[in-house]
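**Student:** Got a structure for you, questions after.
The values are calculated or read from the model by the stated rules, or taken from the named source; none is laboratory data. Not measured: the values here are computed from a predicted model. Neighbour counts run over all protein chains shown; Cβ positions are idealised from the backbone, glycine included. Protein only, heavy atoms only, side chains kept; ligands, DNA and RNA dropped before computing areas. Shrake-Rupley method; radii C 1.70, N 1.55, O 1.52, S 1.80 Å.
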Amino acid sequence: MNYRHIYHAGNFADCMKHALLVSLLQHFLRKDSPFLVLDTHAGIGRYDLESAEAEKTGEYHDGIGKLWNQPPDSPLAPWLELVRKAGGPRFYPGSPLLTSLMLRPQDLLICCEKHPVDKRTLYRLFAGQPNVSVHERDAYESLRALLPPKTARRGLVLIDPPFEEPGEFDRLATALQTIHSRFAAAMVAVWYPIKHRTPIRQFHNSVERAGYRNVLVAELLMRAPHNPDTLNGAGLLVIKPPYGFAERAQDQLNCLKAALGAHEALVSELVPE
């Protein structure tokens, strides 16, 4: 309950996660049928980068602050256009606001936020948007309560924990089993921090052992993951990624690597289709 994303908003990990999220959502827009997005750790939706909290860490300077001059044909352009639309460069949109900007009238976004103050902030942000709902719920409990969706056969479940408590990777592995049993058709995207490789390997192994098919991993490393006390990189594990996503994701990560001076950008197949 102590975590506040405002200190980290717009950093390299946010940029990587949100650029890839926009690419995943573009896939759903190719068909007229409605889709659902369940954002399990929604936060407050929009972050003021001129706030005292954001300036205290200054992490956004080495993230979104280095990306404004991308050319119009950049692989990052669709995401950056939405960031500007949401109020950039001062205001940085989190995943729920980015998603809401891509919704059509028939689509639905469900946001879950456990912290009561953050939930109220998020509720005010989306007041008047009938296809966005906000719940004060535990992220993992929401998977049992809100899946399967009643109005859509297609959907994305985005799980983006703060990783402030031990055992988060174990909870993620259980969550993936819950999603598979309740909404097997869902695309799933799981963000995770990379400090050192051991817990990442264990998490990936648990996904492989669970019998999932068609699993992709995208990772952006700012430095070699040797120091377990430092955020050295970030990853996004995607179950059932759309056709062509691996190539687009690699292009986006390569662009981020060049602009941010990252150590490594890699998209790999964890489990084949």
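**Student:** Check whether at least one residue in the range 208-223 is surrounded by 12 or more Cβ atoms within 10 Å (Cβ to Cβ), among the small types (Gly, Ala, Ser) and over 20 Å from the mean Cα position of the chain (by Cα), and report yes or no.
**Tutor:** Yes; the residues of the range 208-223 include at least one that is surrounded by 12 or more Cβ atoms within 10 Å (Cβ to Cβ), among the small types (Gly, Ala, Ser) and over 20 Å from the mean Cα position of the chain (by Cα).
**Student:** Given the structure, is Gln202 among the polar types (S, T, N, Q) and either crowded, with 20+ Cβ neighbours inside 10 Å or touching a Pro at 6+ places or on another chain (Cβ under 8 Å) (or both)?
**Tutor:** Numbers: among the polar types (S, T, N, Q): yes; either crowded, with 20+ Cβ neighbours inside 10 Å or touching a Pro at 6+ places or on another chain (Cβ under 8 Å) (or both): no.
The answer is no for Gln202.
**Student:** So, in the range 20-39, of the ones that are of a type outside the set (A, V, I, L, M) and closer than 26 Å to Gln250 by Cβ, which residue ends up farthest from the chain's Cα centre (by Cα)? Even if it seems obvious, please write down each step before you answer.
**Tutor:** Initially, the range 20-39 is screened for residues of a type outside the set (A, V, I, L, M), giving 23, 26-28, 30-35, 39.
Now drop any that are not closer than 26 Å to Gln250 by Cβ, which leaves 23, 26-28, 30-31, 35, 39.
Working: Ser23: 11, Gln26: 14, His27: 15, Phe28: 16, Arg30: 21, Lys31: 22, Phe35: 17, Asp39: 8 Å.
The selected residue is Lys31.
**Student:** Does Ala127 meet the test of being assigned to a loop (DSSP other than H, G, I, E, B), open to solvent by less than 40 Å² (accessible area, probe 1.4 Å) and farther than 22 Å from His18 by Cα?
**Tutor:** No; evaluated as a whole, the condition is false for this residue.
**Student:** Just the residues that are free of Cβ contacts under 8 Å to residues at least 40 places away in the same chain and not β-branched (Val, Ile, Thr), please, taken from the range 186-201. If you could, list the steps in order and put the result at the bottom.
**Tutor:** We begin by selecting, within the range 186-201, every residue free of Cβ contacts under 8 Å to residues at least 40 places away in the same chain; these are 195-201.
Those that are free of Cβ contacts under 8 Å to residues at least 40 places away in the same chain and not β-branched (Val, Ile, Thr): Lys195, His196, Arg197, Pro199, Arg201.
Conditions (1) part of a strand (DSSP E or B); (2) of a type in the set (Gly, Ala, Ser); (3) modelled with pLDDT of 95 or more, marked per residue:
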| site | (1), (2), (3) |
| --- | --- |
| His204 | no, no, yes |
| Glu208 | no, no, no |
| Leu237 | yes, no, yes |
| Asp251 | no, no, yes |
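**Student:** Within the range 243-258, which residues are over 13 Å from Glu269 (Cα atoms) and open to solvent by less than 20 Å² (accessible area, probe 1.4 Å)?
**Tutor:** Gln252, Leu253, Leu256
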